[in-house]
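S.K.: Take this structure, written in structure tokens, and hold onto it; I'll ask about it next.
The values are calculated or read from the model by the stated rules, or taken from the named source; none is laboratory data. A quick note: this is a predicted structure, and the numbers were derived from the prediction, not measured. Cβ coordinates were reconstructed from backbone atoms using ideal geometry, including for glycine residues, and neighbour counts include every protein chain displayed. Just the protein is used for accessible areas: all its heavy atoms, side chains included, with ligands, DNA and RNA removed. Shrake-Rupley method; radii C 1.70, N 1.55, O 1.52, S 1.80 Å.
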Amino acid sequence: MNNKREEFEILEEHLFNIGLPSRDVCYSEDEIKRIEEKYKILFPEIYKLFMLKYGDSKFEQDIIYKSLELSPCTNKNNFNDIDSFFGFDSGFDNVENKIKQYYERIPSSIVPIADDGKGNLICIGVKDGYNEKIYFWYHENELNANVMLNEKKYGKVSLDDYWDNIYLISD
């Protein structure tokens, strides 16, 4: 994990430069392990380091990122917004609450870690070859809503096979 710590130090410098305040509260690794065991997932090491220090953080200014894939929310240059990261504090932006809230709405190989402030999610890959990749989940085209509205005939498409509303941000 030493190499990941060095990578994280570089990341921290960028976070400081874009205005993400470091938290006075440091979280416990036990909380991360408990969530990993409960949901049978494995968070990437660099994300664990981030969560321990910056989880449940909101940017002081508008932040945009460039996505690898064009989504309905990206501009013509593939830029989109990020609003805040989920953490372990109690309340709406608790990462475990977000995992529960979207458990039957997003594939099980990704979990929500942040949002764009418009109802869409930033997710991280946690298993099945998706590890460490970052995705954008577009809420307007989710499978459950499409099935309920009978907009398309999905047959026996499982949630884990439905990626029509998920776009790769970074690999």
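S.K.: Consider just the alpha-carbon atoms of region 106-171 and return their Rg together with their Dmax, both in angstrom.
M.R.: When restricted to Cα atoms, region 106-171 yields Rg and Dmax of 12.1, 34 Å.
S.K.: What residues from region 110-130 fall in the zone where the backbone N is under 20 Å from a label point 7 Å along the Cα-to-C-beta line of E36?
M.R.: Answer for this model: 110-114, 123-130.
S.K.: Another question, if that's okay. What FRET efficiency comes out for the pair D128/N17, r = Cβ-Cβ distance, R0 = 45 Å, nearest 0.05?
M.R.: FRET efficiency, D128 to N17: 0.85.
S.K.: Continuing with the same structure: Using packing as a proxy for protection, rank 68-80, 159-171, 112-124 so that the peptide with the highest average count of other Cβ atoms within 10 Å comes first.
M.R.: 112-124, 159-171, 68-80
S.K.: Could you give each residue of region 91-97 its phi-based ³J(HN,Hα) in whole Hz, using Karplus coefficients 6.51, -1.76, 1.60 with θ = phi - 60°, and x for Gly or Pro?
M.R.: Values, residue by residue: x, 4, 9, 6, 4, 5, 4 Hz.
S.K.: Just give me a number: lysine pairs in region 64-153, eight or more positions apart or cross-chain, with C-alpha atoms less than 20 Å apart.
M.R.: Count of close lysine pairs: 9.
S.K.: Still on this structure, I have one more. May I ask you to evaluate 6.51 cos²θ - 1.76 cosθ + 1.60, the Karplus curve with θ = phi - 60°, for each residue of region 125-134 and list the ³J(HN,Hα) values in order in whole Hz, giving x for glycine and proline?
M.R.: Taking θ as phi minus 60°, the curve returns x, 10, 5, 6, x, 9, 3, 6, 7, 10 Hz for region 125-134.
S.K.: Quick one: angle between helix 45-54 and the longest Cα principal axis of the chain, in degrees between 0 and 90, rounded to 10, please.
M.R.: 70 degrees
S.K.: State, as an integer percentage, the relative contact order of region 1-103 based on alpha-carbon contacts under 8 Å between residues 6 or more apart.
M.R.: Reported relative contact order: 24 percent.
S.K.: Then there's this: Please state the charge dipole magnitude for region 51-171, taken about the Cα centre, from unit charges on C-beta atoms (+1 on K and R, -1 on D and E), reported in debye and rounded to the nearest 20.
M.R.: Here the size comes out at about 260 debye.
S.K.: A further question on this structure: List, in order, the whole-Hz ³J(HN,Hα) value for each residue of region 11-19 obtained from phi through the Karplus relation with A = 6.51, B = -1.76, C = 1.60 and θ = phi - 60°; use x for Gly and Pro.
M.R.: Calculated HN-Hα couplings, in order: 4, 4, 4, 5, 4, 4, 5, 9, x Hz.
S.K.: Which loop chymotrypsin sites (Phe, Trp or Tyr not before Pro) in region 82-113, with loop taken from DSSP, have no more than 13 other Cβ atoms within 10 angstrom of their Cβ?
M.R.: F92, Y103
S.K.: Same structure, new question: Tell me, what % of the accessible area of region 55-158 is carbon and sulfur with a 1.4 angstrom probe?
M.R.: 49 percent
S.K.: Okay, moving on. Classify region 26-65 as rounded, prolate or oblate from the Cα gyration tensor: take a ≥ b ≥ c as the square roots of its eigenvalues, call it rounded if a/c is under 1.5, otherwise prolate when a/b beats b/c and oblate if not.
M.R.: prolate
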